[in-house]
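What follows is a set of notes on a single structure, which appears directly below.
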């Protein structure tokens with residue numbers, strides 16, 4: 001949560017300021033002078049009361065660490081201010097303690113600042129064992145880590161990318177592509193055959209028995225009328241696999257048409273195709289990055305990656321202005337020549353105009369993941385918690401930490417509607433895909449796909 005991090009930084013600076021005894025003494029002197037002015041005490045009391053009311057307006061406010069800390073801090077401040085009407089002993093006692101024990105205050109504020117930066121949700125995490133829907137979320141199980149979704153041209157099936165994980169966060173294991181029948185709500189195997197490498201490059205090859213580590217996927221209608229599916233693959237090396245999607249009544253099948261091998265320094269996440277077979281792909285961070293590098297990037301929001309563009313004439317090239325903290329989901333609008341980029345660790349959604357090579361819109365969302373671009377909207381999922389909160393989920397494959405699904409205006413990124421969930425039967429979302437009257441939701445760590453009913457305001 002951006003606000004939690006901001007408050008955490010304030011506490012860090014407060015902790016640093018308490019290291020100086022002279023600075024503490026001057027601050028306490030000013031504080032005592034203010035405490036002797038009636039009007040100042042009244043205004044300060046009203047301010048504290050307003051802060052207490054504002055942080056408690058949201059349901060389950062006490063399950064968010066920053067709200068709880070603010071509530072405690074301003075409750076103590078309000079108590080002090082009110083108590084001075086009757087006596088100054090409490091105020092003077094705290095002032096004197098702060099002068100003598102400034103190092104204790106410094107350590108406490110510093111540790112609290114670090115906690116606020118790395119943690120957000122302190123409520124319970126529900127253990128989900130059975131595959132059972134709730135009133136607000138319907139689930140379909142028998143999938144593993146459905147990280148990305150694409151709908152078939154007839155709107156009757158979802159192509160599911162069953163994700164095997166990414167380093168350094170977890171061991172990377174093979175995954176697969178599956179079909180979800182939207183009519184029967186059953187998971188089906190996706191038949192696959194192999195042909196010549198006509199849609200890729202000469203450096204890449206694949207055999208029938210090769211393992212697949214799918215991540216982000218994208219499906220487009222090519223200029224020649226064929227359906228092309230691109231799949232980011234992590235096994236045996238980093239590549240973008242190309243398949244032709246073909247109708248095979250009553251279902252669909254895939255025919256491998258080639259692949260593109262990524263540069264050795266790149267570690268890919270999501271892909272967005274153009275109708276001519278070229279594509280954009282997001283490079284998250286360097287392949288030799290450690291878990292400490294990942295956590296520090298989440299904390300300080302520095303640039304770790306960028307977006308690459310590929311075509312069969314020039315190969316790969318970096319998109320100017322695409323750098324950010326873990327570029328994740330991307331989407332390309334061929335109509336407007338706009339590139340949408342999620343910076344997962346940077347908590348941003350950005351829109352680049354590729355004609356002018358300028359940033360035309362930006363919004364802050366916590367840990368945005370994949371992007372789905374429709375004619376009317378941009379769909380994105382977010383995590384309503386911080387990275388270390390996921391430590392609560394180590395014993396459960398389905399994590400129920402809070403999350404949200406946003407529908408944004410594709411040009412301004414203004415919020416059109418938001419669906420928020422907590423203490424439910426699903427979590428750690430990655431993608432929100434609207435199909436007919438439902439919004440289908442995938443996850444990077446779950447044994448189920450979820451959907452919610454579409455609502456229009």
Practice task
Determine whether residue 187 is in the same structural domain as residue 334 (by TED's automatic domain parsing) and farther than 15 Å from residue 160 by Cβ.
Solution key: no
Fill in the blank from the handout: From the option list 133, 127, single residue qualifying as within 25 Å of the chain's Cα centre (by Cα), at pLDDT 90 or above and not assigned by TED's automatic domain parsing to the domain that holds residue 298 is 133
Completion exercise
Within the stretch 391-418, residues being farther than 22 Å from residue 119 by Cα and surrounded by 14 or more Cβ atoms within 10 Å (Cβ to Cβ) number 7
Exercise for the section: Say whether the condition of being surrounded by 17 or more Cβ atoms within 10 Å (Cβ to Cβ), farther than 25 Å from residue 443 by Cβ and touching a residue at least 60 places away in the same chain (Cβ under 8 Å) is met by at least one residue in the stretch 222-245. Expected result: yes
Practice task
Check 235, 217, 240 and return the single one that is assigned to a loop (DSSP other than H, G, I, E, B) and under 29 Å from residue 287 (Cα atoms).
Solution key: 235
Practice task
Assess whether residue 366 counts as being under 14 Å from the mean Cα position of the chain (by Cα), on the phi < 0 side of the Ramachandran plot and crowded, with 23+ Cβ neighbours inside 10 Å.
Solution key: no
Handout entry: Search result, residues across the stretch 385-403 that are modelled with pLDDT under 90 and either closer than 20 Å to residue 326 by Cβ or assigned to a helix (DSSP H, G or I) (or both)
Key = 385, 386, 387, 388, 389, 390, 391, 392, 393, 399
Exercise for the section: Select from the stretch 187-201 the residues that are in contact with a strand residue (DSSP E or B) (Cβ under 6 Å, 6 or more places away or on another chain) and in a loop (DSSP other than H, G, I, E, B) and list them in ascending order. Expected result: 190, 191, 195, 197, 198, 199, 200, 201
Handout entry: Verdict on residue 107 being in a helix (DSSP H, G or I), within 30 Å of residue 368 (Cα to Cα), modelled with pLDDT of 85 or more and not assigned by TED's automatic domain parsing to the domain that holds residue 363
Key = no
Exercise for the section: Just need a number here: residues in the stretch 344-369 that are assigned to a loop (DSSP other than H, G, I, E, B) and touching a helix residue (DSSP H, G or I) at 6+ places or on another chain (Cβ under 6 Å). Expected result: 2
Exercise for the section: For the stretch 403-419, indicate whether the set of residues that are farther than 15 Å from residue 340 by Cα, in contact with a strand residue (DSSP E or B) (Cβ under 9 Å, 6 or more places away or on another chain), in contact (Cβ under 8 Å) with a residue 60 or more places away in the chain and in the same structural domain as residue 341 (by TED's automatic domain parsing) is non-empty. Expected result: no
Problem - Residue list for the stretch 285-311, filter: in contact with a helix residue (DSSP H, G or I) (Cβ under 9 Å, 6 or more places away or on another chain) and part of a helix (DSSP H, G or I) - result: 294, 295, 298, 299
Completion exercise
Checked the stretch 312-335 for anything touching a strand residue (DSSP E or B) at 6+ places or on another chain (Cβ under 8 Å) and either in a loop (DSSP other than H, G, I, E, B) or surrounded by fewer than 23 Cβ atoms within 10 Å (Cβ to Cβ) (or both); matches are 316, 317, 318, 319, 321, 322, 323, 325, 326, 333
Practice task
Test each condition in (1) without any contact (Cβ under 8 Å) to a residue 24 or more places away in the chain; (2) crowded, with 19+ Cβ neighbours inside 10 Å for residue 129 and report the one that comes out false.
Solution key: (2)
Problem - The listed residue being under 15 Å from the mean Cα position of the chain (by Cα) and at pLDDT 90 or above, out of 326, 318 - result: 326
Practice task
Could you tell me which residue of the stretch 17-40 is modelled with the highest pLDDT, considering only residues that are assigned to a helix (DSSP H, G or I) and out of contact with any helix residue (DSSP H, G or I) (no Cβ under 7 Å at 6 or more places or on another chain)?
Solution key: 39
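The values are calculated or read from the model by the stated rules, or taken from the named source; none is laboratory data. These numbers were taken from a predicted model, which means no experiment stands behind them. Note: ideal-geometry Cβ built from the backbone for every residue, glycine included; neighbour counts use all protein chains shown.
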